1. Whole Å is fine, so just give me how far the alpha carbon centre of segment 13-82 lies from that of segment 222-277.
2. Can you pull a Stokes-Einstein diffusion coefficient for the chain at 4 °C (1.567 mPa s), Rh from Kirkwood over Cα pairs, as a whole number of µm²/s?
3. Write down Rg/Rh for segment 143-261, rounded to two decimals, with Rg from the C-alpha atoms and Rh from the Kirkwood relation over Cα pairs.
4. So which of K13/K215; K2/K240; K173/K273 end up more than 24 Å apart, counting from Cα to Cα?
5. Accessible area of segment 169-322 with a 1.4 Å probe: how many percent of it is carbon plus sulfur?
6. Before anything else, pin down the relative contact order of segment 196-257: Cα pairs under 8 Å, at least 6 apart, normalised by residue count, whole percent.
7. Counting only protein heavy atoms, what percent of the accessible surface of segment 58-115 is carbon or sulfur at a 1.4 Å probe?
8. With a cap of 14 neighbouring Cβ atoms within 10 Å, and only residues DSSP puts in a loop, list the trypsin sites (Lys or Arg not before Pro) found in segment 1-77.
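The values are calculated or read from the model by the stated rules, or taken from the named source; none is laboratory data. Just so we're clear, the structure is a prediction, and the values are computed from it rather than from any experiment. Cβ atoms come from the backbone with ideal geometry, glycine included; neighbour counts cover every protein chain shown. When the accessible area is computed, the model is the full protein with side chains, heavy atoms only, and any ligands, DNA or RNA have been set aside. Shrake-Rupley method; radii C 1.70, N 1.55, O 1.52, S 1.80 Å.
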Amino acid sequence: MKLATFKSGGQEKIGIVHTGDTLLFDLAAAANRSESANPAFASMLALIDAGEAALEQAAKLFDKHGKDESLSIETGTGEVLAPVPEPRQMRDGMSFPLHILQAPRGQLKLAARAKELARIEAEPLGELPEVYRKQPIYYITNRFSVRGTNTTVKWPRYSQVMDYELEFGIITKSKGANISAAKAKDHIFGYTIFNDFSARDAQRIEMEGRLGPAKGKSFDGGNVMGPWIVTPDEIGDPYKLKMEARVNGERRSQGVTEGMLFSFEEIIAHVSKDETLMPGEFIGSGTVGNGCGLELGWYLEHGDTIELEVEKIGTLKNRVERQ
């Protein structure tokens with residue numbers, strides 16, 4: 001299934017995306033018509049918490065009422081929100097080697113004067129730091145600054161260099177600690193797309209403190225995910241999906257989800273060492289190689305529209321504007 005959170009008639013709802021991603025089937029309304037209100041359909045977190053039985057009930061409702069036009073609205077009519085508007089936690093990784101190697105050089109280019117630029121571009125990328133092979137590397141970001149597709153991201157006033165990042169990620173299910181990689185699939189509710197908007201000039205300065213990104217990443221509306229969650233049975237192999245970033249309709253880069261240094265299952269195993277993983281958390285893959293302006297030397301401008309597309313999931317679309 002593809003599962004969305006959307007707003008219709010002033011109410012936040014969850015539904016099944018169907019008919020070529022054009023319609024949203026209202027699960028709560030279908031439950032009310034079929035039997036009685038089901039608290040599992042009150043929100044995406046409630047659905048995740050309710051477990052497999054709730055997903056099975058959702059599928060049965062769609063089988064029974066899916067052709068009832070009064071229970072569906074067009075995706076363009078309802079406001080599609082982030083699939084989990086307030087995740088219980090947000091972690092974003094550094095999993096793709098090419099991005100790990102190219103991003104520091106991009107920051108050097110950003111800081112360099114024009115006469116130094118050619119020298120920096122000519123330098124080889126070098127070797128991947130060993131720490132990235134030893135264990136998953138991630139940071140925790142602001143779970144209250146999440147927005148969905150078709151929103152306008154306001155450029156933070158303190159930044160002059162705005163960037164996008166082409167990523168995908170998972171939403172977790174089933175609370176647990178010390179989860180083995182072999183059992184971690186049981187903790188993946190589904191997959192979504194993530195655009196980790198970044199104020200690169202602010203990030204460059206604060207990363208000199210060697211603690212992690214803060215204002216370079218955490219600003220209102222800067223964590224964009226969606227357009228919906230796709231359950232694992234519909235994805236198949238999540239590490240073979242094609243990815244593409246477009247700005248104003250022009251392709252900036254292409255990639256594939258293959259080649260992560262650690263799979264999501266391995267990341268879950270690492271995160272949950274003596275730490276309880278909660279249902280409804282988001283874990284991002286990190287940027288695919290060439291998946292951001294920092295690597296390409298090609299940043300965003302006021303009014304740009306960014307589309308991130310991941311095979312079998314969909315397209316996440318946003319606009320950026322200066323305040």
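1. So the separation of the two Cα centres works out to 24 Å.
2. Numbers: Rh = 20.3 Å.
Here the translational diffusion coefficient equals 64 µm²/s.
3. On the way: Rg = 16.3 Å, Rh = 16.3 Å.
On the Cα set of segment 143-261, Rg over Rh gives 1.00.
4. Numbers: K13/K215 31 Å; K2/K240 19 Å; K173/K273 17 Å.
Where the Cα-Cα span goes over 24 Å, the pairs concerned are K13/K215.
5. Working: 2790 of 6040 Å².
Reported share for carbon and sulfur atoms: 46 percent.
6. Details: 57 pairs, mean separation 14.1, N = 62.
Once divided by the residue count of segment 196-257, the mean separation gives 23 percent.
7. On the way: 1530 of 2990 Å².
With neighbouring chains kept in place, the figure for segment 58-115 is 51 percent.
8. Numbers: sites: K2, K7, K13, R33, K60, K64, K67; in loops: K67.
Counting only loop positions with at most 14 other Cβ atoms within 10 Å, the trypsin sites (Lys or Arg not before Pro) in segment 1-77 are K67.
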